[in-house]
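The values are calculated or read from the model by the stated rules, or taken from the named source; none is laboratory data. None of these values were measured; they are calculated from a predicted model. Ideal geometry is used to build each Cβ from the backbone, glycine not excepted, and the neighbour counts take in all protein chains shown. Note: areas computed on protein heavy atoms with side chains; ligands, DNA, RNA excluded. Shrake-Rupley method; radii C 1.70, N 1.55, O 1.52, S 1.80 Å.
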Amino acid sequence: MAKYTKEPPDCRSEILFVGTTGLRPLANSPDVPVEMYIDILAPESYMSVYFEQVSLYIEVLTEGVKIAPHPTINPTGEWSIWDGGQWVVTSPMSRPPTDRLRLRHYDKRVTSGSTNGKTHWLGVTGLPSTGALEMRAHCDAINAVADTRSCRIHMDDFHVGQQLSGFLD
């Protein structure tokens, strides 16, 4: 059964959160058989706030599993992979599968309600049909007056067909 913990356990965030995250089968896509959806959320009091940059970071810990562009939903934003100690932006035509990904958006709001954030749709490759995904995710945002960061969320025992809902704080 899917579960998550914060790293460190006493982490607190008041502005930015990793939100609802799920895995489900992706029909008619043999190269990318699983899709992941993951939200970035903020409280309703931030509904009208635009951030200069909003980034989602995902690190897959399950060996052999990679995050890939979703085959039917074009991933928006800047797709960057971790390479040699730095983030490298890739072109929209060559977004390779990776185990460490940063998705960055510019001039974005991250919430349109208490549980409806900025949803990212991604493909997942290499996950056996009965296998479980282990990963870490966090997000950060830059505004003209302040920067903010969510807690790092460690998700484990995450199987296709499962979802972790709400503010994962």
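Condition first: at pLDDT below 90, in contact with a Lys or Arg (Cβ under 8 Å, 6 or more places away or on another chain) and assigned to a loop (DSSP other than H, G, I, E, B). Now tell me which residues in segment 98-117 satisfy that.
R109, V110
Looking at segment 32-73, which of the residues that are closer than 15 Å to R136 by Cβ and assigned to a loop (DSSP other than H, G, I, E, B) is most open to solvent (accessible area, probe 1.4 Å)?
Ranking the candidates gives E63 first.
Would you mind finding the one in T98, T76, T119, T111 that is farther than 21 Å from P30 by Cβ, open to solvent by less than 20 Å² (accessible area, probe 1.4 Å) and among the β-branched types (V, I, T)? Break it down into steps so the answer makes sense when it comes.
Working: T98 fails: farther than 21 Å from P30 by Cβ; T76 fails: open to solvent by less than 20 Å² (accessible area, probe 1.4 Å); T119 fails: open to solvent by less than 20 Å² (accessible area, probe 1.4 Å).
Of T98, T76, T119, T111, the one residue that is farther than 21 Å from P30 by Cβ, open to solvent by less than 20 Å² (accessible area, probe 1.4 Å) and among the β-branched types (V, I, T) is T111.
Residue by residue through segment 122-143, note down the ones that are closer than 18 Å to E52 by Cα and crowded, with 22+ Cβ neighbours inside 10 Å. It would help to see each step written out before you state the result.
Keep residues of segment 122-143 that are closer than 18 Å to E52 by Cα, which gives 138-143.
The answer is H138, C139, A141.
Which one is most open to solvent (accessible area, probe 1.4 Å), of the residues in segment 144-162 that are over 24 Å from L133 (Cα atoms) and in a strand (DSSP E or B)? Step through it out loud before you land on a result.
If we filter segment 144-162 for residues that are over 24 Å from L133 (Cα atoms), which is where we start, we get 144-148.
From what's left, in a strand (DSSP E or B): 147-148.
Details: D147: 115, T148: 24 Å².
Within segment 144-162, the match that is most open to solvent (accessible area, probe 1.4 Å) is D147.
Residues in segment 125-133: is at least one within 24 Å of K3 (Cβ to Cβ) and part of a strand (DSSP E or B)?
Yes; the residues of segment 125-133 include at least one that is within 24 Å of K3 (Cβ to Cβ) and part of a strand (DSSP E or B).
Any residue in segment 129-145 that is closer than 14 Å to H105 by Cα sitting within a Cβ distance under 8 Å of a residue that is surrounded by fewer than 22 Cβ atoms within 10 Å (Cβ to Cβ) and of a type in the set (K, R)? List the pairs, counting only those 6 or more apart or interchain.
If the second residue must be surrounded by fewer than 22 Cβ atoms within 10 Å (Cβ to Cβ) and of a type in the set (K, R), the pairs left are C139/R149; D140/R149; A141/R149.
Sort out which residues of segment 6-31 are under 24 Å from S129 (Cα atoms) and outside any loop (DSSP other than H, G, I, E, B), and write them in order of number. Break it down stepwise before answering.
Kept after step one, since they are under 24 Å from S129 (Cα atoms), are these residues of segment 6-31: 20-31.
Result: T20, T21, G22, L23, R24, P25.
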